[in-house]
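The values are calculated or read from the model by the stated rules, or taken from the named source; none is laboratory data. In this text, all values refer to a predicted model and were calculated from it rather than measured experimentally. In this analysis, Cβ positions are derived from the backbone assuming ideal geometry, glycine residues included, and neighbour counts consider all displayed protein chains.
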Amino acid sequence: MKLFLLALRNLFRNTRRTLLTLAAIGFGLSMMIFVVNLQNGSYQAMIDTAVSSMAGHVVVQADGYQDEKEPTMLVQDASVVVATMASEYPDAVVAPRIFTGGLLMSAHSSVGVALTGLDAVAELQVQDLHEKVVDGEWLASDEREIVIGVDMAKTLDIELGDKLVYMGQNGSDEVQSRLFRVRGLFRTGSAQFDGRLAFAHLGAVQEIMGGGDVANMVTLHLDDADDAFEAAPRLEALLARPELDVRHWKDALPELFAIIQVDRGSGDVMLAIIGLIVAFGVLNTMMMAVLERTREFGVMLSLGMKPRQIAWLVLLEGLVLGLLGATVGLLLGLALSWPIVTYGLDYSSMMGSETMESGGILMDTLVFGAWDPVRMALYFAGAVIFCICAAIYPAWSISKLRPVVALRHH
Amino acid sequence: MPIVSVRNLTREYLQGTHTVHALRGVDLDIEPGEFTVLMGPSGSGKTTLLNMIGALDEPTGGTVTIDGKELGTMSSGARSDLRLERLGFVFQSYNLIPVLSAFENAEFVLMLRGMGKAERTQRVMETLHAVGLEGMENRRPNQLSGGQQQRVAVARAIAGKPALVLADEPTANLDSTTSGELIELMKALNEDHGVTFLFATHDPNVMAAAKRVVRLVDGRIDEDLHR
């Protein structure tokens, strides 16, 4: 304990130098904490958006669809699946979806389309697509309704209420056509989305695919994403249909998690570089602080202190410096992160729209940070460990000193 | 039995390509209760001999025996322990630990020995009283005069009741009045408390106070005068 006190006093022997070093550690760590909370928030948002729009917390699809994404791989008796899931999880939302590609034609022009058939009411509770409708309305009850993007509307040169003809192949490679009437136009800000996507009622797309009670996926949306890990095997057992593939969201979106992992990995490399730069600064400080006290260590050695004890003293100084610096960094990091966690960070002026595309997912430009306590604790510990490591070399070199040499040092 | 017994001690070291013979075969015994001065011109080997006896440096040849134990046979850890338990040091430039108060500097060695707090406090207070520093316990070295700092250094050296205090030019940085007071103090500690002192010094005042003066010339004992 006395040694700890001595270490603390030694640190503040050169107050300015120690404060500068603390500032470097604190600034580095606070940046890392800020970045990690912002990252965590965007990943959460990406996952939430992707889970609600591209999958569900639990996804039921035809075996093989996960990898092939072939529109003709269909869940048969989809309404039975929907009913089973809804009765098992009455508080959750069950949303069947069916996808197909093809051509949309107006009187003036034609354009390739990715058409989604969905339960317009169920999706209201899952996605915010209806909020993106800038002209007209979201799907209501008429099977002929279609909602398309504003860019597509421009290409097709059509207005609300105009007729469109869909043309494409069904499951039996027969060309199918169907008439739609434009009910709404949406704007997401992404040219990819606004120029390619169209939404219609499930029944209409089922008919295009040759009729029948089918869907490409039946999705279950829970209040708590973690419940999915238990719900997926349970539903699989309950449905008892081997031709169906039931999986939870983590398994349903492997690409998304791969993207996040790569992004997080490259972020970690950057953060490690920041940490290393700060660590070299600390090493420099420790080295100077130790060398200028060579004579004093010589005195301590002559008084009977053991080299090992002197090494401990130096390591302890590294520890105290690390603890103080990391505390400053943590507090500063929390203070910097708080506004983005509470009020979010608005990219809209930068992106020029309310939404942006990230990894193929349409995201809100208002991104909220999310506390990442595990990583914050990890970085805090990392900062302390880096400081102790930066003290190892000075501690080792001073412990090799012979007292008579150290005493002659000026 | 002498506390220190030096036999045929030699120390050579290289200065560039040139070998310096700092000690050329020294024999010396120090008995308990002595107040002995090593004197001689610069480069005569005083400090080198003091460092050998203090187990701070290793000889080229010959032996140093302290309390019947030969230093050459001891590990560096054992030599640390010997310094801690049996020796006290006073340096020319005080060499106090600047971040510790007078009390804590004197306490330092006792703490390293693992002495309990109550005993430590009592011992330090007694020692600071003995060197005339009562009331200044909480001052840091930079709040003390040179003479007061050297008194703290003496307190640190004697607080552990060592068998021998080694003092290398302890008065060299002090004015004559202060140095006279310090010599009086050490003499009193020698006479009243039986502390054994071995000095290396040029200071004629220290020599005047000494009971024994050993004169070194060119690494050899030239004269050994008992009074």
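A few comments on the model shown:
- Residues being under 21 Å from the mean Cα position of the chain (by Cα) and either within 14 Å of chain B (Cβ to nearest Cβ) or of a type in the set (Val, Ile, Thr) (or both) - total across the stretch A:305-353: 3
- The stretch A:131-167, residues that are buried (at least 20 other Cβ atoms within 10 Å of the Cβ) and either of a type outside the set (D, E, K, R) or farther than 16 Å from residue A:197 by Cα (or both): A:139, A:146, A:147, A:148, A:149, A:152, A:153, A:156, A:158, A:164, A:166
- Of all residues in the stretch A:74-118 being assigned to a helix (DSSP H, G or I) and of a type in the set (Ser, Thr, Tyr), the one that is surrounded by the most Cβ atoms within 10 Å (Cβ to Cβ): A:84
- Pick from the stretch A:6-16, criterion more than 9 Å from chain B (Cβ to nearest Cβ) and without any contact (Cβ under 8 Å) to a residue 60 or more places away in the chain, ranking: surrounded by the most Cβ atoms within 10 Å (Cβ to Cβ): A:15
- In the stretch B:9-29, of all residues being more than 14 Å from chain A (Cβ to nearest Cβ) and buried (at least 22 other Cβ atoms within 10 Å of the Cβ), the one that is farthest from residue B:190 (Cα to Cα) corresponds to B:9.
- Any helices (runs of 4 or more DSSP H) falling wholly within the stretch B:91-180 and containing at least 3 residues that are in contact with a Ser or Thr (Cβ under 9 Å, 6 or more places away or on another chain): B:102-113, B:146-159
- If you go through the stretch A:178-204 and keep only what is under 24 Å from residue A:77 (Cα atoms) and charged (D, E, K, R), you end up with just A:178.
- Residue count for the stretch A:50-76 satisfying the condition of being farther than 22 Å from residue A:100 by Cβ and either aliphatic (A, V, I, L, M) or at pLDDT below 85 (or both): 2.
- So residue B:156, is it crowded, with 18+ Cβ neighbours inside 10 Å, over 18 Å from residue B:34 (Cβ atoms), among the charged types (D, E, K, R) and within 12 Å of the chain's Cα centre (by Cα): yes
- Set side by side, the residues B:63, B:73 differ, and just one is closer than 25 Å to residue B:31 by Cα, away from chain A (no Cβ under 11 Å) and in contact (Cβ under 8 Å) with a residue 40 or more places away in the chain, which is B:63.
- Test: residue in the stretch A:294-304 that is free of Cβ contacts under 8 Å to residues at least 40 places away in the same chain and under 30 Å from residue A:197 (Cβ atoms): no
- Every condition in (1) touching a residue at least 24 places away in the same chain (Cβ under 8 Å); (2) under 20 Å from residue A:319 (Cα atoms) is met by residue A:378 except one, and the failing one is (1).
- Verdict on residue A:286 being more than 30 Å from residue A:87 (Cα to Cα), away from chain B (no Cβ under 14 Å) and crowded, with 16+ Cβ neighbours inside 10 Å: yes
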